[in-house]
Amino acid sequence: MNKADFTKLHHPNRPLTLLNVWNKDSAKALQHEGIKVMASSSYASAAVMNKDDGQQISLKENVEIFSNLLINDTFKSLDFEAGYSDNSNDLQHNINYLLKNNIGGINLEDKLPGQNQLQTIEIFTDKINIIHQTDNDKKMFLNIRTDSFFSGDLMAKNQNKNLLKKTIKRINQYEKHAIDGIFIPGLKNKEFISTVARNISVPLNIMLDIQSDKLEEYLSLGISRISFGPSTFLEYSNSNLTVEDFFKNKIDELSYLEDNKMINLARR
């Protein structure tokens, strides 16, 4: 699957819904269930190695999550965190490494590990431009993650209309640099989500908790992609199931929504 095919899976009336993976076994098990898009979670992939999130596992270890996949046309979307470097040469090297390993999409954060403030729009869009210059053929789907709503008091932020306006303004600046999607973890206010969707031109991706959030409540808000982030791994870790049985059960639970064309699990 190439970038164009992957892009077509993003639809506001039937969002692409991804069960995030965390290691080789989980990716292989999910693929065995007929899923053709693999998306990693940096938190989960670090946790399974007893490390903290925030680029604490190497880029090589991160990419190796997909190394046991058996079918070449599986689309691989990597949680690239903050790019593993702010140095332009190192960032170019990292992007070339991802291209060499057939990574089709990345999530790129606009906040550096260990910092509370977002990078300035100018600094962050420079990073986007470096990625575009390196990926000359535009093979990778660039899903930009903005962390406006993902630190501090999340409940208060989800009621902050001024923050909403600033976030939309920031996204609109990112859109000028040919991004392919926007990811806003922490955003749960349904009115806010609808407002964002109406005021941006790229697919909107949000993150839900696979255990506590009711997926159906978010399907008419203009969202084009839903991720479950680390909650997939956390639920699995608290179960007594094999990873194969865990994913089989989750897909069975979500199948009625896909059968009714309310979501897209990207099944073969």
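Every number in this text was worked out from the coordinates using simple rules, so none of it is lab data. Computed from a predicted model, the values in this text were never measured in an experiment. Every residue, glycine as well, gets a Cβ built from its backbone with ideal geometry; the counts of neighbours run over all protein chains shown.
So here's what we get for this one:
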quantity	calculated
Pairs, first under 19 Å from residue 133 (Cβ atoms) in the stretch 91-110, second part of a helix (DSSP H, G or I) and among the aromatic types (Phe, Trp, Tyr), C-beta under 7 Å, six or more apart	104/6; 105/6; 110/124
Identity of the residue in the stretch 105-151, among the polar types (S, T, N, Q) and buried (at least 21 other Cβ atoms within 10 Å of the Cβ), that ends up farthest from residue 172 (Cα to Cα)	107
Residue 213 vs. criteria out of contact with any helix residue (DSSP H, G or I) (no Cβ under 6 Å at 6 or more places or on another chain) and either assigned to a loop (DSSP other than H, G, I, E, B) or among the acidic types (Asp, Glu) (or both)	yes
Candidate set: the stretch 230-242, residues that are surrounded by fewer than 21 Cβ atoms within 10 Å (Cβ to Cβ) and in a loop (DSSP other than H, G, I, E, B); chosen: the one farthest from the chain's Cα centre (by Cα)	240
Scan of the stretch 53-66 for residues that are outside any helix (DSSP H, G or I) and surrounded by 13 or more Cβ atoms within 10 Å (Cβ to Cβ), ordered by number	53, 54, 55, 56, 57
Matching entry among 43, 84 (being on the phi > 0 side of the Ramachandran plot and either in contact (Cβ under 8 Å) with a residue 40 or more places away in the chain or buried (at least 16 other Cβ atoms within 10 Å of the Cβ) (or both))	84
Selection count, the stretch 216-229, where residues are more than 16 Å from residue 40 (Cα to Cα) and surrounded by 13 or more Cβ atoms within 10 Å (Cβ to Cβ)	6
Odd one out for residue 49, checked against (1) outside any loop (DSSP other than H, G, I, E, B); (2) more than 18 Å from the chain's Cα centre (by Cα); (3) closer than 30 Å to residue 115 by Cα	(1)
Any hit, the stretch 209-230, residues being touching a residue at least 60 places away in the same chain (Cβ under 8 Å) and acidic (Asp, Glu)	no
Criterion: surrounded by fewer than 17 Cβ atoms within 10 Å (Cβ to Cβ) and under 18 Å from the mean Cα position of the chain (by Cα) - qualifying residue of 252, 213, 245	213
Residue list for the stretch 169-191, filter: buried (at least 17 other Cβ atoms within 10 Å of the Cβ) and among the aliphatic types (A, V, I, L, M)	171, 179, 182, 184, 187
Single residue of 261, 248, 169 found to be among the basic types (Lys, Arg) and either in contact with a Phe, Trp or Tyr (Cβ under 7 Å, 6 or more places away or on another chain) or over 29 Å from residue 35 (Cα atoms) (or both)	169
The one condition in (1) over 17 Å from residue 86 (Cβ atoms); (2) within 16 Å of the chain's Cα centre (by Cα); (3) not polar (S, T, N, Q) that residue 161 fails to fulfil	(2)
Residue within the stretch 116-134 that is in a loop (DSSP other than H, G, I, E, B), among the charged types (D, E, K, R) and touching a helix residue (DSSP H, G or I) at 6+ places or on another chain (Cβ under 9 Å) present	no
